[in-house]
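Single-structure report; data block below.
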Amino acid sequence: MTRIAVLGTGANGGSVGADLARAGLDVTFVEQWPEHVRAIREHGIRIEMPDASEVTRVRAIDLCEVATLRESFDVVLVMVKAYDTRWACELISSVLAPGGVVVGIQNGMTLETIADVVGADRALGAVIEVASTMFDPGVVQRDTPRSQSWFAVGGLTPMAQERAAEVAGLLRHSGTVEVSDDILSSKWMKLVANATELVTSAVLNTTVRAAAEIPGMRELMIEAGNEAVRTGIAAGRTIRPVLGLDAAAVADPEQIATVLLDVVHDTFSIDGQKTTVLQDWLKGRRSEVHQLNGYVATEAERLGLSAPVNRRILDLAVRIEEGSLEAGSHVATLLLETVASSVYAGRDT
């Protein structure tokens, strides 16, 4: 039987891992939060969904116990924060089977980092659209049921791409899965959605829905996504349908950010749902802002482009993480007054 490790079993990792375990697969949770490991060992992992509550018994180990393992894993699903990717892959590579693969099911452009650690033929990337939260050890609130959850998976080389179908088969226990023939472009499209929504709402200490209702914010959020689209095209990324959309829905580059904002708002969001960035801040943790809006701004500047909205979002988020600025509705004024209206004036949003 295929041995699977889920490395990082927070809200998304815990829910996906539980789905695989409930399907009868050989799954091991590898987790860095000791209280979470203890809770899973004692009570199982509990997944609260809109229509069901499931408790699943699954093997869970602490990071420090990786060194005690005598078996190796055929598939490792990396579901840690994007900024933890390199060290996490270095850690798990010692127990990766000779023919094993590592799959980055994360936000951000982490695939090339994974490939740098384990080799491009053994590295796969994935796009995930699952809305979930976790504040208590052993308990996940999964707002997106399996019937609405969506993944795309793919590799950088022909050998890695051959393994994508196998990994897709595993992930189908947790949602709809597509195999992408250009996973870097697919992941960039998810980055467009994330740049539009995650940090822009978190700096206001509110939900994506509520943020978009503040005068001027919807236009600003869309322009953050437009900057990401233009940067991706300049970097050689192609427009790919994601999140269950078809090619026609993303045919117009200037409408992609709007379409993605609307599909997340209408299909994947529920009232009161906190983004992953806001969850991190509420837990006193740093967020992935440098791998989201920060990545767009840095890549744009490397290419000789300008991404002032993403740069400003990054700057304010950094101030919030440093403690010199408090997230709240007043930050909307700081965003809107410092980004010239000409940046997005006249765009059909």
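FYI, it's all coordinate maths here, none of it is from the lab. Everything numeric here is computed off the predicted structure, so don't read it as measured data. Virtual Cβ from ideal backbone geometry, glycine too; neighbours counted across all protein chains shown.
If you take every residue apart from P145 with its C-beta less than 12 Å away from the C-beta of P145, what net charge results, scoring Lys and Arg +1 and Asp and Glu -1?
Computed value for this residue: -3.
Place +1 on the Cβ of every Lys and Arg and -1 on the Cβ of every Asp and Glu in the chain, take the dipole about the Cα centre, and give the residue among Q273, S53, A131 whose Cα lies farthest towards its positive end.
Selected residue: S53.
Which far-off residues, 5 or more places away or on another chain, put their amide H under 5 Å from the one on T9, with H placed in the peptide plane?
Amide H neighbours of T9, under 5 Å, 5+ apart: Q32.
Between F73 and residues 5 or more places away or on another chain, which pairs have amide H atoms under 5 Å apart, with H built 1.01 Å from N, and which residues are they?
For F73, the qualifying residues are L96, A97.
Hey, what angle do you get for helix 183-202 against the long axis of the chain, alpha-carbon based, 0 to 90 degrees rounded to 10?
Approximately 60 degrees, to the nearest 10.
Please report how far the C-alpha centroid of segment 138-186 lies from that of segment 1-37, rounded to the nearest whole angstrom.
If you average the Cα positions of each part, the centres end up 15 Å apart.
Apply the Karplus parameterisation 6.51 cos²θ - 1.76 cosθ + 1.60, with θ equal to phi minus 60°, to every residue of segment 122-131 and state each ³J(HN,Hα) to the nearest whole Hz, in sequence, with x for glycine and proline.
So the Karplus estimates, Gly and Pro as x, are 10, 10, 10, x, 9, 9, 10, 10, 9, 9 Hz.
At F135 and T157, where each label point lies 7 Å from the Cα along Cα→Cβ, what is the point-to-point distance in nanometres?
Inter-label distance under the simple model: 4.5 nm.
Place +1 on the Cβ of every Lys and Arg and -1 on the Cβ of every Asp and Glu in the chain, take the dipole about the Cα centre, and give the residue among H43, N293, T113 whose Cα lies farthest towards its positive end.
Of the listed residues, the answer is H43.
Subtracting the Cα-Cα distance from 0.36 nm times the residue separation, let me have the gained length for L282 to T298 in nm, one decimal.
On the way: separation 16, 0.36 × 16 = 5.76 nm, distance 2.64 nm.
Once the chain is fully extended between L282 and T298, it gains 3.1 nm.
Give me, ordered by chain and number, the residues 5 or more places off V177 or on other chains with an amide H under 5 Å from its own placed amide H.
Those qualifying (amide H under 5 Å, at least 5 residues apart or on another chain) are F151.
If you take Cα Rg over 2.2 N^0.38 Å from the coordinates, which of (1) 0.96; (2) 1.07; (3) 1.28 do you get?
Structure-derived value, by its label: (1).
Counting only helical runs of four or more DSSP H residues, what would the 222 nm mean residue ellipticity of the chain come to if each run contributes -39,500 (n - 2.57) and the total is spread over all its residues?
On the way: 13 runs with 143 residues, N = 349.
That calculation yields -12500 deg cm²/dmol at 222 nm.
Near K187, which aspartates and glutamates are there with a Cα under 17 Å away, not counting those fewer than 8 places off in the same chain?
List returned: E112, E129, E178, E197, E227, D246, E288, E299.
What dipole magnitude, in Debye to the nearest 20, does the chain give about its Cα centre under +1 on Lys/Arg Cβ and -1 on Asp/Glu Cβ? Each step should come with its number before you reach the end.
Numbers: 31 positive and 46 negative charges, 104 e Å.
Here the size comes out at about 500 debye.
Quick one: Karplus J couplings for segment 23-29, per residue in order, coefficients 6.51, -1.76, 1.60, θ = phi - 60°, nearest Hz, x for Gly and Pro?
The phi angles translate into 7, x, 7, 7, 10, 10, 7 Hz.
Charges only on Cβ, +1 for Lys and Arg, -1 for Asp and Glu: so what's the dipole of segment 87-202 about the Cα centre, in debye to the nearest 20? Please report the intermediate quantities before stating the final value.
Details: 7 positive and 13 negative charges, 48 e Å.
So the magnitude is around 220 debye.
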